[in-house]
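Engineer: This is the structure I have questions about; it appears just below.
The values are calculated or read from the model by the stated rules, or taken from the named source; none is laboratory data. Not measured: the values here are computed from a predicted model. Note: ideal-geometry Cβ built from the backbone for every residue, glycine included; neighbour counts use all protein chains shown. All accessible areas refer to the heavy atoms of the entire protein, side chains included, with ligands and DNA or RNA removed. Shrake-Rupley method; radii C 1.70, N 1.55, O 1.52, S 1.80 Å.
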Amino acid sequence: MTVRKAWIVATAAVGAGISFVMLLVVGVYMVAGNLANGIGGGSVGLAKGAVPAAYQTLVQKWGNLCGAINPALLAAQLYQESGFNPNAKSPAKAEGIAQFIPGTWATHGVDGDGDGDRDVWDPNDAIPSAASYDCQLASYVKDAPGNVTENMLAAYNAGAYAVIKYGGVPPYKETQNYVKTITTLEKSFAAPVTRVDPSKQAATAITYAQKKLGTPYLWGGNGTADQGGRFDCSGLTKAAYESAGIQLPRVANDQYNAGPHPKRDELLPGDLVFFSDDLTNSRAIRHVGIYVGGGYMIDAPRTGAVIRFDPVDTPDYFGATRVTEDGAKALPTSV
């Protein structure tokens with residue numbers, strides 16, 4: 001929700017813009033079959049700004065502690081557990097950025113920064129402890145059939161005994177969902193090593209946003225009748241993808257994790273584009289729009305403005321997300 005510096009206001013320009021958008025929407029499907037799959041193999045780096053700068057070095061280092069984990073997977077766990085909040089505390093008394101319960105911390109907490117204490121509230125201890133605990137669990141279930149990372153995550157959720165008993169991920173719906181959630185979220189924290197596939201729902205989302213051009217902005221607007229059909233930036237993107245059958249979280253900085261992150265020169269219509277005053281921290285994102293091609297997006301910019309076309313290439317451009325159905329489903333309801 002920021003002030004965009006330039007926009008297309010003339011009726012002729014808007015009409016031309018819509019035609020331009022529709023041509024590009026068709027292009028989404030023309031190129032879909034020609035793009036490679038998303039995250040590839042090899043060393044896993046972190047996507048730009050996906051992990052707050054204060055923790056990026058820690059996550060990158062400790063995410064390589066053993067072969068069962070990687071930095072993006074560790075980041076996905078921390079995001080799922082606390083949203084990178086070092087002061088998080090759950091009703092179940094789980095504490096800190098990695099959400100250790102006291103009993104588990106007493107056994108598995110490590111002095112990650114070597115300062116002589118083990119502090120669950122200090123990310124310098126808690127992040128290394130999360131990685132260490134993952135690797136210990138992986139060692140407990142290393143002989144179980146199946147994927148070592150999935151078995152490790154299952155052990156994290158259901159206990160190592162259940163994984164050993166069932167010879168892999170146990171038949172518990174909660175555990176199976178946990179494994180799928182973390183492995184899916186992993187893709188949104190990893191720097192893609194190849195181009196990523198476009199969303200099949202992109203055209204529907206753009207079409208929805210086009211129909212809202214000229215609608216006045218409303219802070220907190222979700223487009224409901226009692227709000228006069230008005231939106232703010234993330235309300236518009238949420239509603240646009242909801243029209244395509246994808247449920248996004250309400251705020252922009254969580255929408256960033258709804259899929260992998262294409263580079264600026266790989267943007268396709270339908271990608272969500274994000275803006276921030278802190279280009280090192282996705283949790284600081286404050287504005288989002290829907291890319292339509294040609295360097296423009298449709299967005300709801302600010303109070304006093306209307307939904308319109310705005311340029312993407314501004315100094316506060318943060319990055320983009322190619323929304324996927326699985327990626328959106330994996331997002332926590334609150335972080």
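Engineer: Filter segment 306-327 for residues that are within 21 Å of Thr207 (Cα to Cα) and open to solvent by 10 Å² or more (accessible area, probe 1.4 Å); which is farthest from the chain's Cα centre (by Cα)?
Structural biologist: Val306
Engineer: On to the next question. Any idea which residue in segment 268-305 is surrounded by the most Cβ atoms within 10 Å (Cβ to Cβ), counting only those that are touching a residue at least 40 places away in the same chain (Cβ under 8 Å), part of a strand (DSSP E or B) and of a type in the set (A, V, I, L, M, F, W, C)?
Structural biologist: Looking at the filtered set, the residue picked out is Val288.
Engineer: Condition check: among the aliphatic types (A, V, I, L, M), in a loop (DSSP other than H, G, I, E, B) and either modelled with pLDDT of 95 or more or open to solvent by less than 10 Å² (accessible area, probe 1.4 Å) (or both). Does Val335 satisfy that?
Structural biologist: So Val335 does not fit the description; no.
Engineer: Quick one: which of Asp226, Asp197 is acidic (Asp, Glu) and out of contact with any helix residue (DSSP H, G or I) (no Cβ under 7 Å at 6 or more places or on another chain)?
Structural biologist: Details: Asp197 fails: out of contact with any helix residue (DSSP H, G or I) (no Cβ under 7 Å at 6 or more places or on another chain).
Going through Asp226, Asp197 in turn, the sole match is Asp226.
Engineer: Looking at segment 119-129, which of its residues are within 13 Å of Glu95 (Cα to Cα) and open to solvent by 60 Å² or more (accessible area, probe 1.4 Å)?
Structural biologist: As a first pass, look at segment 119-129 and keep what is within 13 Å of Glu95 (Cα to Cα): 119-123, 125-127, 129.
The one that is within 13 Å of Glu95 (Cα to Cα) and open to solvent by 60 Å² or more (accessible area, probe 1.4 Å): Trp121.
Engineer: Taking the residues in segment 151-188 that are over 30 Å from Asp265 (Cα atoms) and small (Gly, Ala, Ser) as candidates, determine which candidate is surrounded by the fewest Cβ atoms within 10 Å (Cβ to Cβ).
Structural biologist: The qualifying residue surrounded by the fewest Cβ atoms within 10 Å (Cβ to Cβ) is Gly167.
Engineer: Let me ask you something else. Would you confirm, using the coordinates I've provided, whether Val323 is modelled with pLDDT under 95 and within 20 Å of Ala47 (Cα to Cα)?
Structural biologist: So Val323 fails the test.
Engineer: Please go through segment 218-250 and give me each residue that is aromatic (Phe, Trp, Tyr) and either farther than 13 Å from His287 by Cα or part of a loop (DSSP other than H, G, I, E, B) (or both), ordered by number. Lay out the reasoning, then the answer.
Structural biologist: The initial filter retains those residues of segment 218-250 that are aromatic (Phe, Trp, Tyr), namely 219, 231, 241.
Result: Trp219, Tyr241.
Engineer: Specify the residue that is nearest to Ala75 (Cα to Cα); the eligible residues are those in segment 108-139 that are assigned to a helix (DSSP H, G or I) and of a type in the set (D, E, K, R).
Structural biologist: Asp134
Engineer: Can you pull out the residues in segment 232-267 that are in contact with a Gly (Cβ under 6 Å, 6 or more places away or on another chain), over 18 Å from Gly49 (Cβ atoms) and open to solvent by less than 10 Å² (accessible area, probe 1.4 Å)?
Structural biologist: Asp232, Gly235
Engineer: Taking into account only those residues within segment 189-209 that are in contact with a strand residue (DSSP E or B) (Cβ under 7 Å, 6 or more places away or on another chain) and over 30 Å from Gln60 (Cβ atoms), which is surrounded by the fewest Cβ atoms within 10 Å (Cβ to Cβ)?
Structural biologist: Ile206
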